[in-house]
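Novice: Dropping the structure in here first, questions after.
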Amino acid sequence: MIFQAPKGTFDWMPPRSESVLAIRDALAAPVRRAGYSYIETPIFEDTRLFQRGVGESTDIVTKEMYTFQSKGGQSLTLRPEGTASVMRAVLEHGLYGGPLPIKLWYSGSYFRYERPQAGRYRHFSQVGAEALGAQDPAIDAELIVLALDGYASLGLRRVRLLLNSLGCRECRPGYRAALQEFLRGLDLDEATRHRVEINPLRVLDDKREEVRAQLTDAPLVIDHLCGACKAFHEEVRGLLSAAGVSYIDEPKLVRGLDYYTRTTFEFVHDGLGAQSSVGGGGRYDGLSEMIGGPPLPGVGWALGVDRTVLAMEAEGLLSERPTRVDVFAVPLGDEARRRIFPLVTGLRRAGLAVDMAFGGRSVKGAMKAADRSGARYAVILGERDLEAGAAQIKDMTTGEQTAVPLAEVVDVLKGRLS
Ligand code: HAM
């Protein structure tokens, strides 16, 4: 029996896996340039962190967590997202006592027991950034701009920004009550009626046509914002416009996590079908208190690496080119292999990307491997070359071949490739 990756998971295989690495780097580069430091937290946490942080009434907590008991009897959960863990780490290490804001970025694996479909997996990868300790609209705008810069650096042109505000603990209760009253008057199935009572905002996100049709006249949070939230939102919008960022006001945008306040946003791509969100985030000014900390406002985002790969594919931006090396070494015979091995090592130590033919191949097989490697030069060492103390350097583009003394091969190739 050959095992298969578990349902809802998959392997990134070469050459595509190389693009994944490059995409992660590109998405993280803008925040790294903007003073965000790298943080790495454990892949599992105390289950209660997510119950309290992400919210008891969310799909993530009620249906999608990978929860298990440790041998010590503690309930642990594979992280379904990164924000609660980052906040936990900041509180645990007392960083909030130092200079603010605390700007952090991360990259890693996340786990949600979702129904798998294109773009929705049980194990997926995010690059995230969080800024804690500042209630300043400029930091919301900064994060949004940096995410868009990341997408743009990959060449993506079809990422759109949806923007909303979800209000704060002053104005949200009034809105929640008004929305509940409206929703209670609709023709909804029992599960949705239950949702109206525990998490009415999520009903706005229902994808079913029969529900959507009834939501046309639903009250909008934007009409219920208090003065402070309204002013904050206007500032964010103004800063985005000043940075040349276009956005779509999406008053029905709600998010799948309970910690959001004020600014919320999603980056969507039209080439992905139902799972169109390539990234998302927002402000979470109450999260610290939800998990037992002092008041510590925060804002951040997470960008889905897997969906960014799909978006790039949809825009024809992924190349299937294999990893290239500069030089491919071809030993002909056992003695040549013994002599070429230190040469390969020397070339690599000199900073060149070098591969060699393994497995005692025929000249033809080895030259085919050299071709496939994409190398600019092949270094061929045959019996006669050994006697002469030289190697053949073959330019793989022109086919031109020159004999070079073994001791000079590193310098000659370094020179030709610089
Ligand atoms: P989220 O919207 O749940 O937010 O996830 C962010 C992104 O992760 C999504 O836009 C999507 O690209 C990707 N993603 C989520 N679930 C899956 C899945 N099952 N399969 C593939 N990709 C997926 C958060 O996780 C928040 N922690 C973001 C945040 C940071 N808010 C504030 N700070």
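Novice: Once you have the Cα-Cα distance between ARG176 and ARG384, take 0.36 nm times their residue separation minus that, and quote the gain in nm to one decimal.
Specialist: 66.4 nm
Novice: Take the eigenvalues of the Cα gyration tensor for the chain, scale each by 5, and report the square roots as semi-axes in whole Å, largest first.
Specialist: Whole-Å semi-axes of the equivalent ellipsoid: 53, 22, 21.
Novice: While we're on this one: Mind listing which GluC sites (Glu not before Pro) in the stretch 231-309 are in a DSSP loop and have 10 or fewer other Cβ atoms within 10 Å?
Specialist: none
Novice: Normalized C-alpha radius of gyration of the stretch 327-417, against 2.2 N^0.38 Å?
Specialist: 0.95
Novice: The stretch 26-68: percent of C-alpha pairs farther apart than 16 Å?
Specialist: Details: 481 of 903 pairs.
When all Cα pairs of the stretch 26-68 are counted, 53 percent exceed 16 Å.
Novice: Stretched out fully, how many nm does the piece from ARG321 to GLU40 gain, at 0.36 nm a residue minus the Cα gap?
Specialist: 98.0 nm
Novice: Just LEU406, LEU310, LEU95 to compare: in a GNM of the chain, with alpha carbon springs under 10 Å, which one fluctuates most?
Specialist: LEU406
Novice: What is the gain in length, in nm to one decimal, between LEU220 and GLN401 on full extension, counting 0.36 nm per residue of separation less the C-alpha to C-alpha distance?
Specialist: 57.9 nm
Novice: For the stretch 127-224, calculate the relative contact order in percent as a whole number, restricting contacts to Cα pairs under 8 Å that are 6 or more residues apart.
Specialist: About 31 percent, as a whole number.
Novice: Take the alpha carbon atoms of the stretch 38-107, find their center, do the same for the stretch 274-351, and report the distance between the two centers in whole angstrom.
Specialist: About 24 Å separates the Cα centre of the stretch 38-107 from the one of the stretch 274-351.
Novice: Normalised by the residues of the chain, what does the relative contact order come to in percent, with Cα pairs under 8 Å and at least six apart?
Specialist: Result for the chain is 16 percent.
Novice: Not counting the cut sites, what is the longest span of the chain without chymotrypsin sites (Phe, Trp or Tyr not before Pro) that DSSP labels loop and that have at most 12 other Cβ atoms within 10 Å?
Specialist: By the stated rule (loop sites, at most 12 other Cβ atoms within 10 Å), 4-357.
Novice: Now for a separate question. Go ahead and set up a Gaussian network model of the chain, Cα springs under 10 Å, then flag whichever of MET356, MET312, MET65 fluctuates most.
Specialist: Most flexible of the set in this elastic network: MET356.
Novice: Now a separate question. What is the distance, in nm, between label points placed 7 Å from the Cα along the Cα-to-Cβ direction at LYS252 and at ALA138?
Specialist: 3.7
Novice: Normalised by the residues of the stretch 1-139, what does the relative contact order come to in percent, with Cα pairs under 8 Å and at least six apart?
Specialist: 28
Novice: Further question: As an exercise, identify the trypsin sites (Lys or Arg not before Pro) in the stretch 142-185 lying in DSSP coil whose Cβ has no more than 12 other Cβ atoms within 10 Å.
Specialist: Working: sites: ARG157, ARG158, ARG160, ARG169, ARG176, ARG184; in loops: ARG157, ARG158, ARG169.
Filter output for the stretch 142-185: ARG157, ARG169.
Novice: Considering only DSSP states other than H, G, I, E and B, which trypsin sites (Lys or Arg not before Pro) in the stretch 11-120 qualify as loop sites with at most 14 other Cβ atoms within 10 Å?
Specialist: Here the trypsin sites (Lys or Arg not before Pro) that fit, given the DSSP loop and packing criteria, are LYS71.
Novice: Counting only heavy atoms of protein chains, what accessible area per residue, in Å², does the stretch 3-131 have with a probe of 1.4 Å?
Specialist: For the stretch 3-131, the per-residue accessible area is 51 Å².
Novice: Expressed as a whole percentage, what fraction of the accessible surface of the chain belongs to carbon and sulfur atoms when a 1.4 Å probe is rolled over the protein heavy atoms?
Specialist: Numbers: 10380 of 20410 Å².
On the chain, the fraction of accessible area on carbon and sulfur atoms equals 51 percent.
Novice: What pairs in LYS364/LYS414; LYS7/LYS71; LYS368/LYS414; LYS71/LYS103; LYS103/LYS207 have C-alpha atoms more than 30 Å from each other?
Specialist: LYS71/LYS103; LYS103/LYS207
Novice: Using all Cα-Cα distances in the stretch 199-341, what percent lands in each 5 angstrom bin from 0 up to the longest?
Specialist: So the P(r) values, bin by bin, are 2, 7, 11, 15, 15, 13, 9, 6, 4, 3, 3, 3, 4, 3, 2, 1, 0.
Novice: Here is a follow-up. With every protein chain present, what is the per residue accessible area of the stretch 327-417 (1.4 Å probe, Å²)?
Specialist: With the other protein chains kept in place, the stretch 327-417 gives 55 Å² per residue.
Novice: Over all Cα pairs of the stretch 77-181, how is the pair count split among 5 Å bins, expressed in % and running from 0 up to the last occupied bin?
Specialist: Going out from 0 Å in 5 Å bins, the stretch 77-181 shows 2, 9, 13, 15, 19, 19, 15, 7, 1, 0 percent.
Novice: Under a GNM of the chain (C-alpha, springs under 10 Å), which listed residue has the highest mean-square fluctuation: LEU166, LEU104, LEU332?
Specialist: LEU332
The values are calculated or read from the model by the stated rules, or taken from the named source; none is laboratory data. Note that the coordinates shown come from a computational prediction; the quantities given were computed from them, not determined experimentally. Cβ: placed from backbone, ideal geometry, glycine included. Neighbour counts: every protein chain shown. Ligands, DNA and RNA are excluded from the accessible area calculation, which covers all protein heavy atoms including side chains. Shrake-Rupley method; radii C 1.70, N 1.55, O 1.52, S 1.80 Å.
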